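Some notes on the structure that comes next.
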Amino acid sequence: MTLRALYDVAAPAKLPLFLHVVGRRADGYHLLQSLFGLIDWCDTLQFELRRDSILARHDLSATLPTDDLCLRAARALQAASGTAQGADISIDKQVPWGAGLGGGSSDAASTLLALNRLWGLNWPRSRLLSLGLTLGADVPFFLGGHNAMVEGIGERLTPVALPQQWLAVLKPAASIETRTIFASTLLVRSSEAAILESLPPITQCAKACAWIEPGYGRNDLQPAAEAECPQVAQAAAVLLKAFGNSRMTGSGSAVFARAGSAATAVDHPGAAMPVVSTPGWIGRMCSSLVEHPLVGWVED
């Protein structure tokens with residue numbers, strides 16, 4: 001049976017639980033090592049089949065740029081596959097941009113997964129991963145389907161199993177451009193790379209994944225981001241006071257804190273977002289995800 005539409009397609013955000021800059025390539029791209037964890041803060045998309053090859057986006061909440069990453073993903077898949085089909089793409093945008101949460105990349109990945117199914121292309125995951133990397137360094141992670149150690153410029157993924165937990169995420173009003181942080185003289189570009197087998201503690205699981213303590217490491221981008229945007233340091237201080245820990249996510253400006261395991265967080269006295277009355281700040285308690293909601297939409 002031919003699909004005509006896909007509704008309630010989730011595009012979850014991610015938290016880089018640590019982020020180390022371990023070098024730089026000759027072409028200027030920074031080499032990273034990070035542990036990405038999926039969370040339940042999601043955008044929601046819907047896709048309706050068109051036979052006229054037109055790709056149109058409709059904003060159901062926040063107004064997005066005219067040519068956003070999800071439209072670019074749709075065009076890339078359309079061109080690479082040679083299909084004459086199109087789609088109406090509607091987005092309920094909930095993940096804030098400029099936060100380091102990967103919302104745009106997640107939208108692009110969910111678009112590739114959905115249109116691969118809607119258009120009946122049946123591309124394997126490996127083929128979508130190659131296309132995704134041309135769109136952005138974070139897109140392959142969201143296509144991979146699992147929490148993962150991410151290395152290189154985002155193309156090397158090692159799936160990991162993370163403990164379920166509650167995380168407090170706080171996005172100040174200010175946003176930061178990633179390129180500004182990577183151009184900063186404060187950025188350390190020579191962190192020692194962690195060896196997966198040596199990260200304490202590690203337990204092998206049935207899928208040959210690894211569990212890595214979420215408190216490991218640091219975010220090498222945070223000092224440069226705090227110098228560029230003092231609100232990052234202010235937000236980090238709010239969560240540090242409430243939960244005893246805090247760290248910037250990605251290139252900012254959002255910060256997060258571990259707030260308890262999934263098993264105990266319901267009764268955890270700290271598992272509530274601290275009240276922040278500063279205009280434009282957004283706070284949310286999030287649950288980690290075991291895997292991407294669309295993990296089964298494509299064959300490996």
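Values quoted throughout were computed directly from the atomic coordinates according to the rules given, and no laboratory measurement underlies them. Treat the numbers as computed from the prediction; the structure is a model and nothing was measured. Glycine also receives a Cβ, built like all others from the backbone with ideal geometry; neighbour counts cover every protein chain displayed.
Largest GNM mean-square fluctuation among S288, S110, S90, using the chain with Cα springs under 10 Å: S90. Measuring spread by the Cα atoms of the chain yields a radius of gyration and Dmax of 19.0, 57 Å.
The loop-placed trypsin sites (Lys or Arg not before Pro) in the stretch 1-93, going by DSSP, that have at most 16 neighbouring Cβ atoms within 10 Å of their Cβ come out as R4, R25, R51. Full extension of the segment from D67 to R189, taken as 0.36 nm per residue of separation minus the current Cα-Cα distance, would add 40.7 nm. Computed over the chain with a Gaussian network model linking Cα atoms closer than 10 Å, the most mobile of L64, L131, L162 is L64. Spin-label pair T2-A227: with each label point 7 Å from Cα along the Cα-Cβ axis, the two points sit 5.8 nm from one another. Using 0.36 nm per residue and subtracting the Cα-Cα separation, the extra length available between A79 and D27 on full extension is 16.0 nm. With neighbour counts taken as other beta-carbon atoms within 10 Å, the residues M149, M248 rank, fewest first, as M149, M248. Annotated for the chain: lysine pairs at least 8 residues apart or interchain, Cα distance under 22 Å, count 5.
Test of understanding: given the chain, find the longest segment containing no GluC sites (Glu not before Pro) that are in a DSSP loop and have at most 13 other Cβ atoms within 10 Å.
Result for the longest clean stretch: 1-176.
On a per residue basis, the convex hull of the C-alpha atoms belonging to the stretch 5-160 measures out at 112 Å³. Taking the Cα centroid of the stretch 121-181 and of the stretch 33-104, what is the distance between the two, rounded to the nearest whole Å? Between the Cα centres of the stretch 121-181 and the stretch 33-104 lies a distance of 15 Å. In this structure, D52 and D92 have a Cβ-Cβ separation that, at R0 = 30 Å, corresponds to a calculated FRET efficiency of about 0.75. Label point of K241 set 7 angstrom out along Cα-Cβ; within the stretch 168-184, amide nitrogens under 16 Å from it belong to 170-172.
Were the residues from T278 through V290 laid out at 0.36 nm apart, the gain over their Cα-Cα distance would be 1.1 nm.
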